Structures are given as C-alpha cells and as structure tokens.
Amino acid sequence: MKLALWGGAIAVLSIAAGTASAQQASSSAPPILTTVAPGEVSSEALVTPVGVLEPPSNEDEVEADLDVVLLKSRIWNPNSGKVLGKDRYEGDFDEVELRAYRDRKHPAAPERPYVAPVLVSRPGQTVRIKIRNLLPPDPGCPGHPADINKPHCYNTTNLHSHGLWISPAGISDNVLRQLPPNPDFTYEYEYNIPGDHPAGTFWYHPHVHGSTAIQVSSGLAGALVIKGERPPAWDAADAATPAEQRKIRSGDVDLLLKSAPDYVFVLQQIQYACRDPANWNKPRGRVPAKTENDTPQQWYCNTGEKGVLDDYDLIGGSRWGASGRFTTVNGASVKLLQQKAVTGVPERWRLIHGGVADTVKVSIRKQIGKASLTELAKVGAEGQDALIDKQCAPSAQSVPQFEIAADGLTREAMLERATTIMQPGYRSDILVSFPEPGAYCVIDESIKVAQEGVEGSVARRQLLFVVDVAPGKVEAPRQAVTELLLKGAADLKLDPGLAERISGHLKSGLLTEFKAHESLLSAKIDNEQPLLFSLGAGRDRLPDGKLGPEVGAGIGRTPTTIRRFNANDFERTLVLGDTDRWILKVDSGKGFHTGHPFHIHVNPFEVESVIKNGVDLTRDPASEYYGLKGVFKDTLFVEVDAEVIVRSHYARYIGDFVLHCHILNHEDVGMMEMVRIADRGPDGKPMALGHGLTDVASPEGAARPHTGH
C-alpha cells in the first residue's frame, strides 16, 4: 500500500491490497487546515501545500477502510467573532459536529478536515471500499416512509462513484443500497475498473434518496482519481492504411504531464448552524429581512455553542447566501490555505465541485495589494467584493486556464479561458502556468445568478485561496503549457510517424490522440429521450397506473407526464448498444424556474448543442457552454429557456440506476428518475428481466419488465 499526505491538508490513498490477506489502506490523519488563529504562527507555517498525487499501486486490487462518523472539530469562519466595522470581522473558529469520513487506521487523530481521503487507482484494478456506519441510529429507518420524497433517514448512508463507468448492480455503484447505522457490521463496495476505463478525475459521495444533500453538505465527499500510463498506438487492424489516415488507439494524457505538479482541489459548501435557543427553528443570526444598522447579519455561533447540520431547513433556497459561509477548498477556507508554485512551471489542477448550494466561477489574478494572508482571512462575506477589488488585479488580467478534461474525460481540443464555471458535480482538469513571481488570488467570481447559477447561488465574490509563486522561467502561459505537452510526448519515444502527428496536433492545442471517447455526433440515433425538470409539476403514480395531481419536484418526458421519484417506475428503459439523443429542458409550467444540473450514472454523454433564442451557445465565448460541442461529460447544467442536446451510447453494462438533478436537495424531494438498461432482444427492444414480473404501469397503461425492486 502506498500513502501520501499533502502538507497536512488532505490525505491521498494510493491503496493496494492484492489479495484477501493483503494490507489494508491507511492515510496519515490530515489535520484540519484552520487549527490556529491569525497571528499565532509564523508566515512559513501559513503555507499549506494542497498536495501532489502519488502514482497508483501496481497491485490488482486496492482497498480503503472508511468509517462514517459524527466528528467534532472546528471551521474557520471570518463572519464569527468581534465585528470591526461594516464589512470587517475579527474572525474566529466555529466549533462544529458534522458527519465525516474517517480512515479507520487513524481513528485517534484530534483534527480532520470535512473532506474525504483522495483515492487513487488505475484502469484494470478493483477498488474495494469497506464502510462502517457509526452515526447515531435512525429511528424507523431505513423502512419505507409514507412519502419517500420528503427528506428522511439522515444517518442512513451508501456510496456513489460519480462518473465511473462501472456496473450499477450488486455491491458496485449501486445507489439503491441503504446502509443504516450499525457499529457491528462492515459494508463493502467493489468497483471493478475495466482495463479500457478512461484515466481522469472522478469523486465519491453518499447517495441515499432522502438524505443525500444533508450528508454531502456535511462534507462527505472525496476525490477518486484514475491514473493511466497507456501510450497512444496505431490501430493494429488499420495497418494497411496510409499513416495520415490510420486510426489510433487513444492514450492517457497523464503521460504528457508526468513532470507537472498534480493537485486536487475539492470545492464544497459545508453548511451548519448554531440553533437560537429562543427560537430553535432558526439559526443564530440573519433571518429573512433582518438587518442591524443596515448591515446583513450572517449566521453565527457564540462561544461554547456547537454548529450542526440536523435538518433540511438549513439547506437550499437562499440559505447558503444567508449563512455567510465560505466555499471551502479541501475542507478549509482562505485562512491558512496557501499554495506554492514556481514561475513558468505548468501545474495540473483537478477542480472538483463536491458541494450542493453554489455555482463556483474560478479565476486567478495577481495580488496587487500588500495585505498578508492573516489580514485577508479576517474579511467576512459582505466585505469580499471590496477586498478583491483592492487586493487583486482586474479581471482583464486573469491568468489563463487551459482545460484538458471535463468531468474526468480528456477533451479533443484544449480550451483556453479566463474563468472556469463549476456547477455541482462538475470536474475540470486545467493547466495553470504563472507568468511571473508573486502572490496570486484564486477567486470565486460573481455570476449571473438567474442564468448561470444553481438555486441558492450568491452573486458576491469570494477569495478561495492564495498562491505564492517563486521566481523561475518567465514565459507566456500558453507557450509554457505547449512546451510541457511537447516534451511529454517526446519522452514517449513513439513510432516516428505517430510522434509527428501527435506533435503537430499539440502545437495546435489538440489532444486528439488522448481523447477519452470516439465522437457520437455522426452516429445513427436509435431513440429520442426528451427530459424536463420541474420544481412544481411532479406527480405521483396512482395504483391504477395513472398520474395524480401536481405536488412537487419531478422529471418527465412531457409537461403532463412529469413524475416524482418512484423506485419501482422504469418508464425510461434503454437498450444495451443503442445510441440515443437526449433533449434536456427546464419545464416552463408550474413551479419556480431555475436551472438544473443534469447527471446520469454509468454512461457519459457527448454535447451536441445548446440552443437558446435560436443561438448555439457552445459557439458563444460569453456562455458557460462555450467550447462544449463534442465534449463528453456526466453532469451538465441546463439553463432556463435553453434546449440542451446530448448523445449517449449504452455500452457493456446492464442494470438499474438513476438520473437526477445534482442540486441534491432537489434530488431528495423527487427530482430523480429510475433508468434501466436491458439486453437487446431479437426485435431490437429491451428483453424482459426476471420471471414475469412487471413494473407499475406507464402513463399509457402498458406494463414493462420488472426486476423486483
């Protein structure tokens, strides 16, 4: 078993077991980043590297042991403590007790961040994760509540490997499992990563319907990175074709980046509140329309009080903005969170949005002010805009970011941009090269909330962390990135003809020989899959198979067939081997109209177009969709009034799984749908599963095969 600890910030498990008797994985217990108050440490101690990924083990099997626990710790809150002025606070720690993953090998560690260990594997390995649920008992759970689309069973958990292309059945990526608290039993997940699985950035988190949001909002989320070392090669079946026309078996972009620092940044909205003893239904601090001297009052905790996340009245709607909390990076806010880099040395940043409540728009700008990190950490939520304007260079001078992969899947064309928009569930692998030494601000920029933001997003900006860049080779970022890729390709020592083709593409910003999937844009379409999101038009299926009145959030094919989640409703049954076109929209009927991140398990999809007011936004540099045509993803935001068209091919795996909105509190109240992929019958239609069992009736009254869920 290999193990690395990133500067005390986040554990990396490069974990190997090999056989049943092999050693279990472990990690040094990572202390929470924010463990001391400003001024109590030297400037050198403030520098906290976020980490370099270790290469994966060469064993056949990797293993991790995680406990799900209620963990007492502290989170730095710039909005707590003594008020120094309208937008400045002294800052303090909030004592909190939240759900967390704990590595079983180091249970006695006094402090841990609310972010899970980073798991590192490779194609062809089996990832085995053992889980003990040590949370307090859930009375009456798992059970079957009268309305499964009301949040329930907050301490019943499970595990979802977000983005992995693996089986959804059994003890694999099966989100229909429920793991209730049980200190005397160890649950197990077995992820058989196929040998042809793409290398990339994925993540894991709980996914029990009814409690997903409250668990992820506690910080139950971690990176799962697949690292590959497969070089591109000529397709052996195409040997007689001229070199310029020959097909190529794609390689792993990791090989081009061996010399680049490799970092994971998990972005989360960790929510909690100290309840007001005078009004237990409210958190201390701001409630709707309450101000003090015209200054909004964020949620706060008094000394001796404990921050908790105990119910859904703290999640969703405008509550994230009202709380004044900061998006954390690897479990910490800006205090003591500083990164080191070297001028002209490109770095790989794996950004993961592991949160629920806010759209994050990442930019990187030179720090032009003289404030120390200690001083920066004192500025509360309402003072962030003024802080950034004073301390950070104008947005026009942002350091360029070069995206090489979206949702863990290598792009065919590298995309250069000034900002990266991260919706819940997104991953973005970017290359960053700093053009000169000095300090740099990494900022969550303001967004057009009504258009680009998930429900609850805030328009204000936030300083996420600071990068301290040492002197080095002064070079334009694009040139530095291109040189890195070309050197990585040269080091592969490939066939001269193949090497020449790769080199020519890299000089043009193309990663053609390293892309994750062959395009589906010219493939034959077998079926259309329309899908509508609605916060108000969801109906329940009645015993006679018909749909009842509109009662809440749901998903459907048409405005009149939008349904709340039902685990026994397989209206959307797909056929193994088919390629379908999905048309994704937000329903314009009943309910509050906001955008929704579409996420489907197992198979990724390719973006075909995003049409709004007759314009394809994938061609609009001002749009969050710019450059996405032909890009594969597993999560994609659907803006209001947009028609998002994607294609998906159902390869290898059959079974039952889900698609849903990745605003997880929306998922918990019904914005989720069962999906089945069945074997292809002789007539090209899905084959029946089981022994004559049928699903509940469709809106048209027809019964379908059923597996007995």
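Read-outs throughout are calculated quantities, based only on the coordinates presented, and are distinct from any laboratory measurement. On a predicted model such as this, the values are computed, not experimentally measured, just so you know. Every residue, glycine as well, gets a Cβ built from its backbone with ideal geometry; the counts of neighbours run over all protein chains shown.
Listed values, structure above:
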{"read-out": "Label point distance in nm, residue 134-residue 370, each placed 7 Å from Cα along Cα→Cβ", "value": "5.0 nm"}
{"read-out": "Protection proxy ranking, peptides 621-627, 663-669, 347-353, 167-173, average beta carbon neighbours within 10 Å, highest first", "value": "663-669, 347-353, 167-173, 621-627"}
{"read-out": "17 Å Cα-Cα reach of residue 487 towards lysines, excluding residues that sit fewer than 8 places from it in its own chain", "value": "258, 473, 507"}
{"read-out": "Summed side-chain charge close to residue 583 - residues other than residue 583 whose Cβ falls under 11 Å, Lys, Arg +1, Asp, Glu -1", "value": "0"}
{"read-out": "Simple spin-label estimate for residue 416 and residue 196 in nanometres, 7 Å along Cα-Cβ", "value": "3.5 nm"}
{"read-out": "Local electrostatic count at residue 148 - Lys and Arg +1, Asp and Glu -1, tallied over other residues with Cβ under 11 Å", "value": "-1"}
{"read-out": "Inter-label distance for residue 542 and residue 593, nm, one decimal - labels placed 7 Å from Cα along Cα-to-Cβ", "value": "3.0 nm"}
{"read-out": "Proximal lysines relative to residue 629, as straight alpha-carbon distance under 18 Å, when same-chain residues fewer than 8 apart are discounted", "value": "515, 524, 585, 612"}
{"read-out": "Residue among 631, 605, 588 farthest towards the positive dipole end of segment 542-635, charges placed on Cβ", "value": "588"}
{"read-out": "Those lysines that a straight Cα-Cα span of less than 20 Å connects to residue 546, excepting residues fewer than 8 apart in one chain", "value": "590"}
{"read-out": "Between segment 413-472 and segment 508-538, the alpha-carbon center distance in angstrom", "value": "25 Å"}
{"read-out": "Contour minus Cα-Cα distance for residue 490 and residue 641 (0.36 nm per residue)", "value": "49.7 nm"}
{"read-out": "Net +/- balance of residues flanking residue 342 in space, Cβ distance below 15 Å, scoring K and R +1, D and E -1", "value": "-3"}
{"read-out": "Cβ-derived FRET efficiency at R0 56 Å, residue 95 paired with residue 527, nearest 0.05", "value": "0.55"}
{"read-out": "Förster radius 25 Å - calculated FRET efficiency between residue 685 and residue 551 (Cβ-Cβ, nearest 0.05)", "value": "0.15"}
{"read-out": "Efficiency of FRET from Cβ geometry, residue 450 and residue 510, R₀ 41 Å, rounded to 0.05", "value": "0.70"}
